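Inspection log for the structure reproduced underneath, given as structure tokens.
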Amino acid sequence: MKLSNNGLMMIEGFEGLILESYLDAGGTCTIGYGHTGRIDGMKICLDMKITTSKAGELLASDCSCAETEVNKYNSIYNFNQNQFDALVSFAFNIGSIKQLTQNGTRTCNQIQEHMPEYNHCAGKVCRGLTQRRRKEQLLFNTDAPSVTNKTNEDVAKEVIQGKWGNGNNRRVKLAAYGYDYFTIQSIVNKLLKK
């Protein structure tokens, strides 16, 4: 499975974008959208700066790693899109879902029950992590709409007809149904030029 645009926007919102390195609440050097790994082979250090474009590249790479972590368990759970997005956000922040799932032995209900426990940083309860876990838990427990068999062009035509709403509302709705907002928008623009 892949992270939806809705899931990506959620991660971006939690992490925020900071283009100059800083120490996070746990004392780890961080930059961009919560990136703590290396940049072009170099360890992140204070006084580093990156561009918005580079932050986007790092975010995509970090999300891909989190997707891989969650997909290790998808054959056990068959996650819906909302569950998958919530767990990718969790893995993006924590590193994996191995402990949360007890290596694939917990039920989905047990997984969501244990999510709030992961709200500590440097041994202390962190308000920001408490809020993040609550939102991830809420998303995990939200039924995902059934995926439709409509082509991207069919959906783009419906967008033009106004069936998918406007702005961010449209983006979230398309993502919830498994469509890539930017792909649909590109087709919409091409159709409108004809």
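The values are calculated or read from the model by the stated rules, or taken from the named source; none is laboratory data. Everything quoted here is computed from the prediction, not taken from an experiment. Here Cβ is always computed from backbone atoms with ideal geometry, including for glycine, and neighbour counts include all displayed protein chains.
Key figures for this structure:
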item	result
Within segment 1-77, helices (runs of 4 or more DSSP H) holding 3 or more residues that are closer than 26 Å to residue 178 by Cα and among the small types (Gly, Ala, Ser)	52-71
Matching residues, segment 45-60, being over 11 Å from residue 33 (Cα atoms) and exposed (fewer than 15 other Cβ atoms within 10 Å of the Cβ)	45, 46, 47, 49, 51, 53
Options 91, 86, 66; residue that is free of Cβ contacts under 8 Å to residues at least 60 places away in the same chain, closer than 25 Å to residue 113 by Cβ and either surrounded by 14 or more Cβ atoms within 10 Å (Cβ to Cβ) or assigned by TED's automatic domain parsing to the domain that holds residue 135 (or both)	91
Answer residue from segment 106-162, given it is farther than 30 Å from residue 75 by Cβ, small (Gly, Ala, Ser) and loosely packed, with under 15 Cβ neighbours inside 10 Å and is nearest to the chain's Cα centre (by Cα) among those	128
Hits in segment 67-115 - residues which are among the aromatic types (Phe, Trp, Tyr) and at pLDDT 95 or above	73, 84, 90, 92
Filtered residue count, segment 169-181, keeping only those that are touching a residue at least 60 places away in the same chain (Cβ under 8 Å) and part of a helix (DSSP H, G or I)	6
Some residue of segment 1-12 being at negative phi, out of contact with any helix residue (DSSP H, G or I) (no Cβ under 9 Å at 6 or more places or on another chain), surrounded by 13 or more Cβ atoms within 10 Å (Cβ to Cβ) and assigned by TED's automatic domain parsing to the domain that holds residue 128	no
Failed item in (1) over 30 Å from residue 110 (Cα atoms); (2) of a type in the set (Asp, Glu); (3) touching a Ser or Thr at 6+ places or on another chain (Cβ under 8 Å), with residue 69 passing the rest	(1)
Filter result (touching a residue at least 12 places away in the same chain (Cβ under 8 Å), among the charged types (D, E, K, R) and not in a helix (DSSP H, G or I)) within segment 106-141	none
Hits in segment 72-92 (condition: among the β-branched types (Val, Ile, Thr) and more than 11 Å from the chain's Cα centre (by Cα))	76
